[in-house]
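Below is one structure, written out as structure tokens; comments come after it.
The values are calculated or read from the model by the stated rules, or taken from the named source; none is laboratory data. Keep in mind the model is a prediction, meaning the values are calculated, not measured. Using ideal geometry, Cβ is built from the backbone for each residue, glycine included, and neighbour counts are taken over all protein chains shown. Quick note on the areas: whole protein, heavy atoms, side chains included, nothing else; ligands and nucleic acids left out. Shrake-Rupley method; radii C 1.70, N 1.55, O 1.52, S 1.80 Å.
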Amino acid sequence: MTELVQRFYDVLEQAKTALAAVDGEAALEECRVRFLSRKGLLPSLMSELGKVPAEEKPTVGKVLNQVKQELQKAFDDCAEKVRGEETAANALDVTRPGRARDIGHRHPISQVMDMAVAIFRRMGFLVADGPDLEDVWHNFDALNAPQDHPSRTPEDTFYFDLDKRSWLDPETMILRTQTSPVQVRTMKAQSLPVRIICPGRCYRRDTPDATHGMSFHQIEGLYADRHVSLADLKGTLAIFAREMFGSQTKVRFRPHFFPFTEPSVEADASCFICGGKGCRVCKGSGWIEIAGAGMVNPAVFRNVGYDPEETTGFAFGMGVERIAMIRYAINDLRLLYDNDVRFLRQF
Ligand code: DAH
């Protein structure tokens, strides 16, 4: 009996030595076959238990079971170690092809808006905010829009509750058609000097086409103080244009009309593609319109409670989609809103 027990311990020792040398899944399997499988060393010794005299069987059996359990545990530990190492080795296999992950990024509209905001902030403008859901007074009346201005009609502007209210009632709510009402809100809330920009979304009842959408973005600018001049406006827009489109860019003004500015202008930047010679982007003119602007109409200062005799200021408003389309040579506005990642990925 002691002889059999001794042989069990020998097998256990052999197995432990073999397991200690295991360096991978294949060697592990070899050990399993050699010691634990049905025809392996351990089970074949087990079968010899039958020859042990009956009175010794319980004690010997107990020892043999302990040995078997110990061997099984040594094997399991070894297997766990081997598999863990193989997983770790795979994770670090630098020769395997990498996993391509799609990373999102800012939408081109947001990128242009961020760029513009950064440029104006460097010039000392603060970012102001106002509601998309606006009332008629802030969007039209305070900005000196005459009651018969075509942009005020329900064909052009999204009104709320027209069954209960007139679209000429100053308190009727609308989706703002421009970011200009933020000028009004800011001036009503603070005293001079005011130097703000407001990037934001606007809404108009336009039929969507290559250059119009029902919703778009503007950046509004306002500088109100004493002794602000048209030259300050031009200098400000010139710096903006140079930073946005390149250091060679020039700015010109063309006379225009807006109810909230007097005089009013449209500002053009020299075409950054052809440098002014004329090309497809500038439609042969050498100039690209970038903003509406002007000197704040004294009527607006009066409406917000500023003294129109003392106060001067300039204001401008630019279309963000327009600037993005020029900058990235995009020929259809709708591409910006289709959310086709194959398109958006390019920016
Ligand atoms: N609000 C004008 C528009 O919707 C743009 C604009 C023009 C804003 C002149 C201004 C400005 O502040 O001075 O087309």
*What longest region of the chain stays clear of GluC sites (Glu not before Pro) that DSSP places outside H, G, I, E and B and that have at most 11 other Cβ atoms within 10 Å?*
172-308
*Any chance you could check the Cα centroid distance between region 19-70 and region 108-144 for me, in angstrom?*
82
*Treat each spin label as a single point 7 Å out from the Cα along the C-beta direction, and report the ASP338 to GLU80 distance in nm.*
5.7
*How large is the dipole of region 108-344 about the Cα centre if only Lys and Arg carry +1 and Asp and Glu carry -1, each at its Cβ, rounded to the nearest 20 debye?*
1020
_Rounded Å value of the spacing that divides the Cα centres of region 174-194 and region 216-286_ = 21
*Collect residues whose amide H, placed 1.01 Å from N in the peptide plane, falls under 5 Å from the amide H of HIS217; neighbours closer than 5 in sequence don't count.*
CYS202, VAL320, GLU321
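Express the relative contact order of the chain as a whole percentage, based on alpha carbon pairs under 8 Å and six or more residues apart in sequence. It would help to have the intermediate numbers written out before the result.
Numbers: 526 pairs, mean separation 47.7, N = 347.
Relative contact order comes out at 14 percent.
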_Globularity index of region 2-90, i.e. its alpha-carbon radius of gyration over 2.2 N^0.38 Å_ = 1.23
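Could you work out the helix-only [θ] at 222 nm for the chain, with each DSSP H run of four or more residues adding -39,500 (n - 2.57) and the total divided by the number of residues, to the nearest 500 deg cm²/dmol?
Values: 10 runs with 126 residues, N = 347.
Calculated at 222 nm, the ellipticity per residue is -11500 deg cm²/dmol.
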*Ignoring ligands, DNA and RNA, what percent of the 1.4 Å accessible area of region 256-347 is carbon and sulfur?*
50
*Take peptides 38-47, 325-334 and line them up by average Cβ neighbours within 10 Å, highest first, as a rough protection proxy.*
325-334, 38-47
*How much of the accessible area of region 1-102, in percent, comes from carbon and sulfur atoms when a 1.4 Å probe is used?*
53
*Taking Cα pairs under 8 Å and at least six residues apart, what relative contact order does region 187-285 come out at, in percent?*
16
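How much length would be gained if the chain were fully extended between LYS277 and THR207, taking 0.36 nm per residue of separation minus their Cα-Cα distance, in nm to one decimal?
Values: separation 70, 0.36 × 70 = 25.20 nm, distance 3.33 nm.
Working it through step by step, the gained length comes to 21.9 nm.
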*When the C-alpha atoms of the chain are aligned to their principal axes, what extent does each axis show, in angstrom, from largest down?*
122, 54, 39
*Which ³J(HN,Hα) values in Hz, rounded to whole numbers, follow from the phi angles of region 22-27 under the Karplus curve 6.51 cos²θ - 1.76 cosθ + 1.60, where θ = phi - 60° and Gly and Pro get x?*
5, 10, x, 4, 5, 5
*Hey, in the chain, which Cys have no second cysteine's beta-carbon closer than 4.7 Å?*
CYS31, CYS78, CYS198, CYS202
*Quick one: which residues, 5 or more positions from VAL265 or on another chain, have an amide H under 5 Å from its amide H? H modelled 1.01 Å from N in the peptide plane, none for Pro or chain starts.*
HIS256, ALA293, GLY294
*asked:* Keeping every protein chain present and rolling a 1.4 Å probe, give me the accessible area per residue for the chain in Å².
replied: 56
